[in-house]
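Below: one structure, written as structure tokens.
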2 protein chains.
Amino acid sequence: MRGDAFDPGCPTRLLLDRIGDKWSVLVVLALTGGPRRFTELRRLIGGVTPKVLTQTLRTMERDGLLTREVFAEVPPRVEYALTPMGLSLHGPIQAITDWAEENVEDVLSARARHDELPA
Amino acid sequence: MRGDAFDPGCPTRLLLDRIGDKWSVLVVLALTGGPRRFTELRRLIGGVTPKVLTQTLRTMERDGLLTREVFAEVPPRVEYALTPMGLSLHGPIQAITDWAEENVEDVLSARARHDELPA
DNA sequence: CGGTATCCCGTACGATACTG
DNA sequence: CAGTATCGTACGGGATACCG
């Protein structure tokens, strides 16, 4: 049973929604280089607020995509790292972001052209 | 200039948000086999309402991902087809959906395990 | 440092009904 | 057949402030 994205009852839909959220993709990208601390992630991923970053990380941890390790030190240190499953997402995500970065210009000009012709 | 997904000011973010929406991905998949009519898409993509499907199609048309062709017939016929740029999205999207379909089970069991241990 | 706690808001999405 | 019109809502996300 591989699941069928066209079936509204299939949990695959849930995964697509998760991956499609605003920040998960960037978290995966930020973690592919190795474990990162909370503040590092916050700096890397421009514009994310702590609340939302925490939410994203917690959900991804729950889904088995990353691990959260707390070190008993002062000052406190918490490291986030991708699990093998999380790492396996890197390829597909890279493909999408590459596409996005390559096609930004074309999409924007298509939009401009479309909006110019109110006919 | 390829764009940088980590930069909150970069329009790449906008594309990620678009792609990440609930239906665009499924529309691309449904259209890779060739042009489709509105009702065909509606049938193929389980659970989508006409309003939302129209919204999605219009936005994708505006972004240059697909074309909308109206035939002057009775009964009316409208065909949607991917542009070359839209088609170029198929590979990356396929990668994501393949990943999703392959990892559904693991994610769900990770969730179940996580929720069982309230500690 | 690594988060929570609150408050707030837009909008993506859905249900239902109707039309050229 | 291929949509619009209307109404309603959940929630993802942002701003700001505070805490162990």
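The values are calculated or read from the model by the stated rules, or taken from the named source; none is laboratory data. As the structure is a prediction and not an experimental result, all values here were calculated from the model. With ideal geometry, Cβ positions are generated from the backbone for all residues, glycine too; neighbour counts draw on all protein chains shown. Ligands, DNA and RNA are excluded from the accessible area calculation, which covers all protein heavy atoms including side chains. Shrake-Rupley method; radii C 1.70, N 1.55, O 1.52, S 1.80 Å.
How large is the charge dipole for the protein assembly as shown, taken about the Cα centre, if only the Cβ atoms of Lys, Arg (+1) and Asp, Glu (-1) carry charge, to the nearest 20 debye?
Computed charge dipole of the protein assembly as shown: roughly 580 debye.
On a 0 to 90° scale, report how tilted helix B:90-116 is relative to the longest principal axis of chain B, with both axes built from alpha carbons and the result rounded to the nearest 10.
30 degrees
In peptide B:16-24, what is the residue-averaged number of other protein chain Cβ atoms found within 10 Å of each Cβ?
5
Averaging over every viewing direction, what projected area does the convex hull of the Cα atoms of the stretch A:12-116 cover, in nm²?
8.4 nm²
Put +1 on the Cβ of each Lys and Arg and -1 on the Cβ of each Asp and Glu in chain B; which of B:Leu26, B:Leu14, B:Val70 then has its Cα farthest toward the positive end of the dipole?
Value computed over the given set: B:Val70.
Could you tell me what percent of the accessible area of the protein assembly as shown is made up of carbon and sulfur, with a 1.4 Å probe and every protein chain present?
Carbon and sulfur atoms account for 55 percent of the accessible area of the protein assembly as shown.
For the stretch B:22-119, which trypsin sites (Lys or Arg not before Pro) pass both filters: DSSP loop (anything but H, G, I, E, B) and at most 15 other C-beta atoms within 10 Å?
Here the sparse-neighbourhood loop sites are B:Lys22.
Roughly how much of B:Asp63 is accessible, in Å² to the nearest 10, using a 1.4 Å probe?
B:Asp63 has an accessible surface of roughly 0 Å² with all protein chains in place.
Which FRET efficiency, nearest 0.05, do B:Val74 and B:Thr54 yield, Cβ-Cβ r, R0 25 Å?
0.75
Sorting A:Val78, B:Val27 by accessible area (1.4 Å probe), largest first, what list results?
The ordering from most to least exposed comes out as A:Val78, B:Val27.
To the nearest 100 Å², how much accessible surface do chains B and A hide from each other in total, with a 1.4 Å probe?
4700 Å²
Summing +1 for each Lys or Arg and -1 for each Asp or Glu, what net charge is found among the other residues whose Cβ lies under 11 Å from the Cβ of A:Arg43?
Once all neighbours under 11 Å are counted, the net charge is +2.
Just how large is the dipole of chain B about the Cα centre, in debye to the nearest 20, putting +1 at every Lys and Arg Cβ and -1 at every Asp and Glu Cβ?
580 debye
Among the GluC sites (Glu not before Pro) within the stretch B:30-119, which fall in a DSSP loop and have no more than 11 other Cβ atoms within 10 Å of their own Cβ?
B:Glu73
Counting only heavy atoms of protein chains, what accessible area per residue, in Å², does the stretch A:12-116 have with a probe of 1.4 Å?
Spelled out: the 1.4 Å probe surface of the stretch A:12-116, per residue, equals 49 Å².
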